[in-house]
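Read the figures in this text as sums done on the coordinates, not as results from a lab. Small disclaimer: the values here were computed from a predicted structure and weren't measured. Cβ placement follows ideal geometry from the backbone for every residue including glycine, while neighbour counts extend to all protein chains displayed.
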Amino acid sequence: MSQFGPDYVRAIAPYQAGKPIAEVAREFGLDEASIVKLASNENPFGVPESSRAAMAQAAADLGRYPDANGFELKAALSSRYDVPAEWITLGNGSNDILEIAAHAFVQKGESVVYSQYSFAVYALATQGVGGRAIVVPARDYGHDLDAMAAAIEADTRLVYVANPNNPTGTFISAEQIEAFLDKVPANVVVVLDEAYNEYLALAHQFESSAWVRKYPNLVVSRTFSKAYGLAGLRVGFAIAQPAVTDLMNRIRQPFNVNSLAQAAAIAALNDKEFLEKGARNNAEGYQQMIAAFEELGLEYVPSFGNFVLVKVGSDDAAGARVNLALLKQGVIVRPVGNYGLPQWLRISIGLPQENATFIEALKKALG
Ligand SMILES: *Cc1c(COP(=O)(O)O)cnc(C)c1O
């Protein structure tokens, strides 16, 4: 164990990312082109054409620093969400927003509340500032907001809520969120992480920016990594009132979102067709997945995101075992043992053929 750095940094367990295609090809002696990756909730359609064109144009100016204030992207977001540009913080992915919030609002020793089985970065961001995690037991694999409100202590500075949640896919209704926000003390910042918002059916979508107007302690976090297909560029954003936004902007790196990302995000934001195609593919792929799980008699958690959590055995080695059997067949999914879910796997929803390849491989792996 190294003698460098504070205890709370040495205690951090590194984030486990989905295995890259090239690594699996090397490790298992497979052809890269034959590998199906359903491990990181990426958009199976890749980068929208509109973003590619915008990046090609922006590439000419890469000798210069990006716009540190992201004027054009903020203007586009401002009109899309009907909030002043001064209410927006840009992030190097929304991961950056989650970290910035911890740095801006939490001192060493103060507490942060989040749910069991919620996004791994909440723990990392909390630990990174020496915060004390209050992890509230999940209910039906999702957030128990009543218990989370009750878990807030005098020194709690921040609460993370993911809706829909990753890795479980659970969803919290607008009524429940609002009832929760009414209970949270005004000096506690709530980060509402809506990375999968664009995949929700219209009946489940609500204008979270309206809540930002009502709650000065609310930060709504969104990303271009999932439905917008720009995961590799790293761009996300937060919407919050000026008092909170001002602090987040002091903490963030001045050039945290690069020029290509800014240009691509503006184009994607206005690409309704791409979003609709992705949502349609996702809804159909989800049905394809759960039909297979039902045929195989596998338990799954009903999902509102672009992925689904499925139980592949009843012993604690099941997730790792089935994952390995899938890797050998060139299918990459996400084991979730690090989330305390060793009997489960998380599968991102891909193109119909990718889903079919996974289902066939799963049948063999369980066979
Ligand atoms: C994927 C994900 C994010 C962040 O992704 P970025 O690429 O950093 O924007 C944030 N929250 C949840 C719950 C996610 O699943």
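Normalised by 2.2 N^0.38 Å, with N the number of residues, the alpha-carbon radius of gyration of the chain equals 0.98. Distant-in-sequence amide contacts of Leu158, defined by a placed amide H-H separation under 5 Å and a gap of 5 or more residues or a different chain, comprise Val113, Val189. Qualifying GluC sites (Glu not before Pro) in the stretch 66-108, where qualification requires a DSSP coil assignment and no more than 13 other C-beta atoms within 10 Å, are lacking entirely.
Among Thr126, Thr156, the ranking by other beta carbons within 10 Å of each residue's beta carbon, starting with the fewest, stands as Thr156, Thr126. According to the square roots a ≥ b ≥ c of the eigenvalues of the Cα gyration tensor, what is the shape class of the stretch 209-367, taking rounded for a/c under 1.5, prolate for a/b larger than b/c otherwise, and oblate for the remainder? Prolate, because a/c is 1.5 or more and a/b exceeds b/c. The residues neighbouring Pro335, those whose beta-carbon lies less than 13 Å from its own, together hold a net charge of +4 under the Lys/Arg +1, Asp/Glu -1 convention. Could you tell me the center-to-center distance, by alpha carbons, between the stretch 305-348 and the stretch 161-179 in angstrom? Measuring centre to centre over Cα atoms gives 23 Å. Charged side chains reduced to their Cβ positions (Lys and Arg at +1, Asp and Glu at -1) give the stretch 49-269 a dipole of some 440 debye around its Cα centre. Cross-link partners for Lys272 among the lysines, with Cα-Cα distance under 27 Å and sequence neighbours closer than 8 places in the same chain left out: Lys37, Lys74, Lys226. Taking every full run of DSSP H in the chain, the ones that stretch at least 27 Å from end to end by Cα along their long axis and average -1.0 or higher on the Kyte-Doolittle scale are 272-296.
Each residue, Lys183 and Leu324, gets one label point 7 Å from its Cα in the Cβ direction; the gap between the two is 4.3 nm.
The stretch 156-253 has equivalent-ellipsoid semi-axes of 21, 19, 11 Å, by the square roots of 5 times the alpha carbon gyration tensor eigenvalues, sorted largest first. All other residues whose Cβ lies under 12 angstrom from that of Glu23 are scored, Lys and Arg at +1 and Asp and Glu at -1, for a net of +1. DSSP assigns beta bridges within the stretch 49-269; of those with both partners inside it, close to 35 percent run antiparallel.
The spacing between the stretch 248-301 and the stretch 185-216, judged by their C-alpha centroids, is 17 Å. Other residues whose C-beta falls under 15 angstrom from the C-beta of Arg213 contribute a net charge of -4, scoring Lys and Arg +1 and Asp and Glu -1.
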